[in-house]
Each structure stands twice: as structure tokens, then as C-alpha cells.
Amino acid sequence: MKLDLSLSNLSKAFPEDFTPDQKARAQTLFLKKLSVKAHTFYGGKMQTVPKAGVYGFNWFNVWYTPGVSKVSTTIRDDNDTSFALSNRGNLVAVVSDSTRVLGDGDCTPPGGLGVMEGKAFLMKYLGGVDSIALCVDSRDKDGKHDPDKIIEFVKMLQPSVGAVNLEDISQPNCYKVLDELRESCDIPVWHDDAQGTASVTLAGLLNALHLAGKKLSEAKIVLLGAGASNTTIARLIMADGGRGENIVMFDTKGSLHRNRKDIEADPRHYRKWELCLATNPDCVPTEAEALKGADVLIALSTPGPDTVKREWIRSMAPKAIVFCCANPVPEIWPYAAKEEGAYIVATGRGDFPNQVNNSVCFPGILKGALAVRARKITDAMAIRCAHSLADFARKRGIDPDNIVATMEETEVFAHEAADVAMQAIADGAARVEATWQGVYDKAMADITASRNMTKDLMAMGYIAQPPMEMLQQTLDEAIAEVR
């Protein structure tokens, strides 16, 4: 077993007599088991390091008292100087109540720390953005999760950060939290599960349709799952040219349509009710019926592998596009969807081709918003990020197994940052002006510095290499469990 956990290396690690299903299950088990062991080995993923030098102990008189008094009074007289005189201009708070952690549901407030630290890790390494994981207890005295507690918490912390990344907040609370904070805060508040997933999904969809020779405005699209991600995906698709009459969406009780009185009666589900009115005019009732002749399936629902049925895929239109993005296990295994005729298959996982994951979106869009000290992230900025990601991939070449850029393509994040910054200026959301090239160059410099610092820490031994025995033992455990 090698430290390289790339798809090509992992595929060689499992026994040749394993079926595709066994390999997929063993792969998932291996990654889960290794994650616990690796997190234990390192004691988490993030630490705090200085960004300023210490050239003798008298420099503490500059970084702290008495010199720093002038910094405090300068910011007091003009709060916007805090973006330049502190790390606020490059700092994001990753905030969660841990009520919908990946595919695991409510994990208790501290249960989301692994994911939030992971978000901070990706943000720093991929986008050159500093961030801090903040898991909060939003429960009231009766144990119910109160969205107003999250709203108040974010309002209180916003003087310390340049943006807020909301994460893993269950619906319907997530809608109220995002919508209220987007309007009331003076910094960008971004819900990555909703807007981030929607942006990268739209990017992948644009390129998949391009390869299939189909148009967004004409595509028949079925969305399985009506949580924060899919409802936002549907909204951005329609904002970018998709037609509501060609869209059918399903939640756990059936399809969304104008006769869903249960949704209409609950004001907390106002986003779902908007989609009931805007989509599925024929009130198509079942997934099987909706998917007959459909061009696209976008599933962000219950983890599989049998949530999406093989016969559903078989009934879709020629050159069907299937996004099965539940974590940790997709609604249908990619190999199964391909066997049933799917032309392009994407998942949310990096160990399969076509990862449609917000990791290639949020570092870039937040970097762009921070670059111009944006006051909010508009829907136009999210759509511009999607097109930036799609255009970047198309210019370097795409194919059915490679529809979007990956985390390994460093420049994509700087491209996104520059495009998003320009859109923020156009939307009137920016505090400061900037040029596309200026934002791109600064983003590339920060990203390069962040990656080089990590490599240097590894080379110098400050970040220790996990023992090879740990990987091999974990692999053996996964194989034995699947057998």
C-alpha cells in the first residue's frame, strides 16, 4: 500500500477477484477506517501559526502592547481598516450546528468538528484562505434546534472575520439562517451545502450537456432530494436558463407540485413551495414516470447504493447524465449506472471519476469575495463561479469521465476568484475596486505560499508522515470485512 490514495492506486490495492460492488464497498470502508486512525495520529487537521516574524523579543512591543494601540484606534475610527490591519481580510468562519453532517444526520454540536476542520484545511491549501471551525449548540431548553441562535451567533462574530461559511445545518432551518444573514450582515454569508454544491453542480451540468449535445433550456431534468442543495441547484439552473416546466423534483413524500398542500401550509418550507409553483406543471407523481425519457438526474438524497434503481436509468433518454452525489455512498454505484446506459456519471466522491464536489468551488468564490471585501455573495456571483469552473475545464479539455476541474488544478481557484470578484464589482457588492489580473495574481501568490508552507512543514518533519503499517493494516481490515 502506498501513501498515494489516488483512484488509480486504490483500484490496484484490492483483490482481483473482487466484484465492482465489493471494490466499491471496500474502498469506502478503507477510507472511513483510515480517516479515524489518521485523525487520531495527528490530533485533528489544523493548527495556528504566525504570519509575522519575530526578529528579537522587542518585536512583541510592535505586535502587542504598546505599539498595537495605534492599530486599535485606527480601526476604531474606520472599521473597514480592520480588513487590512488584521487577518480579517483573509479569514472565514466555518459555522455549523452539526445537524446534517454529510450523510450522517445530527451528530451533536461537536460531531461536526471533523468536517469543519476539513473545510478549513481545504480552504487554506486550495484557496490560500485562513479559516476557523466553529461548531455551535443551537438547541433550546427543550432540545430543539433554534435557527435564531445561529443567526445571533453569526451577527455577533462578524466583526472578526471577512466572511462566514455556513455548513451542515438541517432544513428547514438552513433557509431562514442563510436568507436572514445574507440581508442583515455586512460581510458575505455563504451556505456551502446549498450555494457551493449548486455552483459546482451547475458547472458540471453545463459541460455534461455540452458533451451530450444538449441545451440547458431544453433538457428534461429530474432532481431526487429536496434539501438545501437540490433546492438551490434547481433555483440556479432556472436562473441560468433552465425551464421550470422541464424540471421535476422529489422529496421524501413524493414529487413537488402546486397541489402539495403540506408544503404550502408550512411557512418554514417557503423555498420548497416556490419550487412547487415553478416546476412540474403536470404534477408527475413518481420517480419512475419522471425519469422516462429524462436527460438528467441530479440526486442528492439518501445514500445508496440502491436508492436509484437500475431500471430508472435504463428508461432515460439517450446520452443520459446521472449525478448521484449522496455521501458517503452514492445513490447508485457509477459502474451500475453506466451498465444501464448512462453516458456521463458523476458523484460527490474523489475516488471515482467526475467528482462534483464543492471543494473546487468554495475556496475560489470566497477568495474572490474577500479580494474585493464584498458585503455579500449574490446569486449572480454563484452562477459566475459555475461558468468560470466550466469554462476553465472546457479550455483544457473535457470528456465523459472528466467534466470539471479537480482540486489538483491550482489555477482554477485563482480563475474563479478573479471572475467572482469582477461580478461582485458589477453587482455593487464590493467595498473596493480591483482588476481581474490583480485578483488572479494575488490569489495565485497566496495559494502557492500556502501549498509551499505545507510542503515545507512536511519536508522538515513538523508534519509527520503516517506509518505505512497503518495504511496496510487498514486496507487488510477493509478487505477482510467485505469478504
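A few comments on the model shown:
- Of the residues V420, V68, the one with the fewest other Cβ atoms within 10 Å heads the list, and the complete ranking is V68, V420.
- Dividing the summed -39500 (n - 2.57) terms of all DSSP H runs of n ≥ 4 by the residue count of the chain sets its mean residue ellipticity at 222 nm at -14500 deg cm²/dmol.
- Packing rank of 24-34, 148-158, where each peptide gets the mean count of other beta carbons within 10 Å, highest leading: 24-34, 148-158
- The aspartates and glutamates whose alpha-carbon is closer than 20 Å to the alpha-carbon of K70, local same-chain residues fewer than 8 away aside, are D78, D80.
- Among the listed pairs K124/K376; K367/K395; K119/K220; K272/K338; K214/K376, those beyond 27 Å (Cα-Cα): K119/K220; K272/K338; K214/K376
- Burial ranking of peptide ranges 84-94, 372-382 (average Cβ count within 10 Å, highest at the top): 372-382, 84-94
- Relative contact order of the stretch 253-304, pairs being alpha-carbon contacts under 8 Å that are 6 or more residues apart, as %: 38 percent
- Gyration tensor verdict on the stretch 1-159 (Cα atoms; rounded if a/c is under 1.5, prolate if a/b is larger than b/c, oblate otherwise): oblate
- Average Cα contact separation per residue, the stretch 92-191, under 8 Å, 6 or more apart, as relative contact order %: 32 percent
- Summary of the geometry: the stretch 243-270 and the stretch 408-483, compared by the centres of their Cα atoms, lie 38 Å apart.
- As a rough footprinting exposure proxy, the listed residues R100, R431 were ranked by other beta carbons within 10 Å of their own, and the order from fewest upward is R431, R100.
- Note on K215: aspartates and glutamates with a C-alpha under 20 Å away, same-chain residues under 8 apart excluded, are D240, E245, D295, D391, D399, D401.
- Neighbour counting of Cβ atoms within 10 Å sorts the residues Y343, Y440, fewest neighbours leading, into Y343, Y440.
- In the chain, the longest principal axis of the Cα atoms and the axis of helix 362-371 are about 40 degrees apart.
- Computed from phi, the 3J(HN,Hα) profile of the stretch 190-201 under the Karplus parametrisation 6.51, -1.76, 1.60 (θ = phi - 60°) reads 10, 9, 5, 4, 8, 5, x, 4, 5, 5, 6, 5 Hz, with x in place of Gly and Pro.
- On Cα atoms only, tilt of 379-396 relative to the major axis of the chain in degrees: 80 degrees
None of the figures in this text is laboratory data; all of them are computed from the coordinates on show. Keep in mind that this is a model prediction, so the values were computed, not measured. Quick reminder, even Gly has a Cβ in these numbers, built from the backbone with ideal geometry, and neighbours come from all protein chains shown.
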